[in-house]
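S.K.: Got a structure for you, written out below as structure tokens; questions coming shortly.
The values are calculated or read from the model by the stated rules, or taken from the named source; none is laboratory data. From a predicted model like this one, the values you see are computed outputs, not experimental measurements. In this analysis, Cβ positions are derived from the backbone assuming ideal geometry, glycine residues included, and neighbour counts consider all displayed protein chains.
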Amino acid sequence: MGLFALPTLFLLHLITTIALAVPTANSNIRTIYLFKDAIPALFGPVARNTTNTFIVYYSAQIQHNGTDNIIVHNPLFGIGILDDGSIKYYSNTPGSSDIVVASGGAYVGGDALAAKVKSFKAAGSSVDRVEICMNSQHVKELMAKPGPGVDTPLARNFATLKEAWGLDAVNNDDESLYDVTSTVSFAKMLGKLGYKYTIAPYTNINFWTSLRTQANQGLSEPNLLLDRAYLQCYDGGAGNDPSSWASRLGLKVVPLVWWVSRIPISTEETSLILSIRVTNDSKPSYGTTPAAAKTKFNSWKTRGGVVGGGYWNDYDIEKMKLSYADYGSVLASVFP
């Protein structure tokens, strides 16, 4: 099992991702998946948003260190494609409901939600890239009919969403379809709209390698379409070796870990972007404290193939009353 065993969802994620080839610039990627629902933060009694909390910390502590990314991911993977090409944002909070954010080539998600997403890259923030995460639902059908043209309802909806939210990339968390042909067509369609394309694999490396090869055919740094890979190193991907994945993919990776009930993480791989799971009460055996995270990241960095590191997810940090500063300082020290 990867990030979830749930249906297609959308993941809005401000994140710096890795690319297939070794980065030409000496920049590290530090990322966090945002699982907490943004809608209650906008319309409910919530006084602050977890995303902004992390960004504020990053701005103060590592603003001078290149790219920093945040990924917003809700239970069903955040954003989902409907059968008519409309795009829906899935809410994961009792009392709030899913909303269609783009339909008929127009943005219909409301000004408040658009302002919230755009605020991730506001002046003073170190975040320079925002991505939305989704699964593979309806991709194959819509690539077959009406196809991957930029004038199709699906393409027009992604174009208007990009403009409304200030998006930079779409993150693929496919954990069921694994259809290379339709996924490549979808990725290239997004590329024509100005998006970068990233992946969040935990298994099936042959699929991801074929996708990377075909999506980037004829392209080179810094103009790769599929330019980053966020490797799940927890749950179903707990045994993944970032260095091996980077070698097979032909692309440095960003390992992801799950924060745990205070388990430290460290990494030593410089080519792969590592993500560690934060301390949690859902699957505590996969949780990682700051210390453990630092150890893992340092180890991975030493072995090579990584270009940064990251965490899944902000919701557990808040729920378990963990410290953004502690986890953030790990990334700042290992991937300066």
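S.K.: Select from the stretch 114-136 the residues that are in contact with a strand residue (DSSP E or B) (Cβ under 9 Å, 6 or more places away or on another chain) and surrounded by fewer than 21 Cβ atoms within 10 Å (Cβ to Cβ) and list them in ascending order. Give the steps one after another, and end with the answer.
M.R.: In the first step, residues of the stretch 114-136 are kept if they are in contact with a strand residue (DSSP E or B) (Cβ under 9 Å, 6 or more places away or on another chain); the result is 114, 117-118, 120-121, 125-136.
Result: Ala114, Lys118, Lys121, Ser125, Asp128, Ser136.
S.K.: Let me ask something else. Is the stretch 224-237 home to any residue that is over 18 Å from Leu177 (Cβ atoms), over 18 Å from the mean Cα position of the chain (by Cα) and surrounded by fewer than 24 Cβ atoms within 10 Å (Cβ to Cβ)?
M.R.: Checking the stretch 224-237: not a single residue is over 18 Å from Leu177 (Cβ atoms), over 18 Å from the mean Cα position of the chain (by Cα) and surrounded by fewer than 24 Cβ atoms within 10 Å (Cβ to Cβ).
S.K.: Scan the stretch 238-258 residue by residue and report those that are surrounded by fewer than 23 Cβ atoms within 10 Å (Cβ to Cβ) and at negative phi.
M.R.: The initial filter retains those residues of the stretch 238-258 that are surrounded by fewer than 23 Cβ atoms within 10 Å (Cβ to Cβ), namely 238-241, 243-244, 247-248, 250.
Selection gives Ala238, Gly239, Asn240, Asp241, Ser243, Ser244, Ser247, Arg248.
S.K.: Among the strands (runs of 3 or more DSSP E) confined wholly to the stretch 220-336, which include 1 or more residues that are of a type outside the set (Asp, Glu) and at pLDDT 70 or above? Talk me through it step by step, then tell me what you get.
M.R.: Values: elements: 226-232, 254-259, 267-269, 272-278, 307-312.
The strands (runs of 3 or more DSSP E) meeting that bar are 226-232, 254-259, 307-312.
S.K.: May I pose another question? Would you say Ala200 is hydrophobic (A, V, I, L, M, F, W, C) and modelled with pLDDT of 95 or more? So that I can check it myself, show each step before the final result.
M.R.: Values: hydrophobic (A, V, I, L, M, F, W, C): yes; modelled with pLDDT of 95 or more: no.
Here the answer is no, as Ala200 does not meet what is asked.
S.K.: Quick check: anything in the stretch 141-151 buried (at least 23 other Cβ atoms within 10 Å of the Cβ), in contact with a helix residue (DSSP H, G or I) (Cβ under 8 Å, 6 or more places away or on another chain) and not in a helix (DSSP H, G or I)? Step through it out loud before you land on a result.
M.R.: The initial filter retains those residues of the stretch 141-151 that are buried (at least 23 other Cβ atoms within 10 Å of the Cβ), namely 142.
Okay, now just the ones that are also in contact with a helix residue (DSSP H, G or I) (Cβ under 8 Å, 6 or more places away or on another chain), so 142.
If we keep only those that are not in a helix (DSSP H, G or I) as well, we get none.
No, the stretch 141-151 contains no residue that is buried (at least 23 other Cβ atoms within 10 Å of the Cβ), in contact with a helix residue (DSSP H, G or I) (Cβ under 8 Å, 6 or more places away or on another chain) and not in a helix (DSSP H, G or I).
S.K.: Exactly one of these conditions fails for Phe207: (1) hydrophobic (A, V, I, L, M, F, W, C); (2) within 26 Å of Trp258 (Cβ to Cβ); (3) not in a helix (DSSP H, G or I). Give me its number.
M.R.: Exception for Phe207: condition (3).
S.K.: Let me ask another. Would you please name the residue that is surrounded by the fewest Cβ atoms within 10 Å (Cβ to Cβ), looking only at residues in the stretch 157-193 that are in contact (Cβ under 8 Å) with a residue 60 or more places away in the chain and of a type in the set (D, E, K, R)?
M.R.: Only one residue fits best here, namely Glu175.
S.K.: Something else about it: Name the single residue, out of those in the stretch 123-140 being in a strand (DSSP E or B) and among the charged types (D, E, K, R), that is nearest to Leu177 (Cα to Cα). Even if it seems obvious, please write down each step before you answer.
M.R.: Keep residues of the stretch 123-140 that are in a strand (DSSP E or B), which gives 129-134.
Cutting the leftovers down to among the charged types (D, E, K, R) gives us 129, 131.
Details: Arg129: 27, Glu131: 21 Å.
Here the residue is Glu131.
Here's the yes/no breakdown for (1) under 25 Å from Leu226 (Cβ atoms); (2) not β-branched (Val, Ile, Thr):
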| site | (1), (2) |
| --- | --- |
| Asp111 | no, yes |
| Ala115 | no, yes |
| Lys121 | yes, yes |
| Arg129 | yes, yes |
| Ile132 | yes, no |
| Gly147 | yes, yes |
| Thr152 | yes, no |
| Arg156 | yes, yes |
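S.K.: Now for a different question. Scan the stretch 87-102 and tell me whether some residue there is at negative phi, at pLDDT below 55, in contact with a Pro (Cβ under 8 Å, 6 or more places away or on another chain) and not small (Gly, Ala, Ser).
M.R.: Just the residues of the stretch 87-102 that are at negative phi, to begin with: 87-94, 96-102.
Of the ones still in play, those that are also at pLDDT below 55 are none.
No; the residues of the stretch 87-102 include none that is at negative phi, at pLDDT below 55, in contact with a Pro (Cβ under 8 Å, 6 or more places away or on another chain) and not small (Gly, Ala, Ser).
S.K.: While we're on this one: Just name the residue that is nearest to the chain's Cα centre (by Cα) out of those in the stretch 163-183 that are more than 20 Å from Ala215 (Cα to Cα) and in a helix (DSSP H, G or I). I'd like the intermediate steps shown before the answer.
M.R.: Our first condition is that a residue be more than 20 Å from Ala215 (Cα to Cα); within the stretch 163-183, this holds for 163-166.
Next cut, in a helix (DSSP H, G or I) only: 163-165.
Numbers: Glu163: 19, Ala164: 19, Trp165: 15 Å.
Taking the candidates together, the pick is Trp165.
S.K.: How many residues does the stretch 106-159 contain that are of a type in the set (Val, Ile, Thr), in contact with a Phe, Trp or Tyr (Cβ under 7 Å, 6 or more places away or on another chain) and at pLDDT 90 or above? Let's see the steps before the verdict.
M.R.: As a first pass, look at the stretch 106-159 and keep what is of a type in the set (Val, Ile, Thr): 108, 117, 127, 130, 132, 139, 150, 152.
After this cut, where a residue has to be in contact with a Phe, Trp or Tyr (Cβ under 7 Å, 6 or more places away or on another chain) as well, the list is 117, 127, 130, 132, 139.
Pick out the ones that are also at pLDDT 90 or above and you get 139.
Counting residues in the stretch 106-159 that are of a type in the set (Val, Ile, Thr), in contact with a Phe, Trp or Tyr (Cβ under 7 Å, 6 or more places away or on another chain) and at pLDDT 90 or above gives 1.
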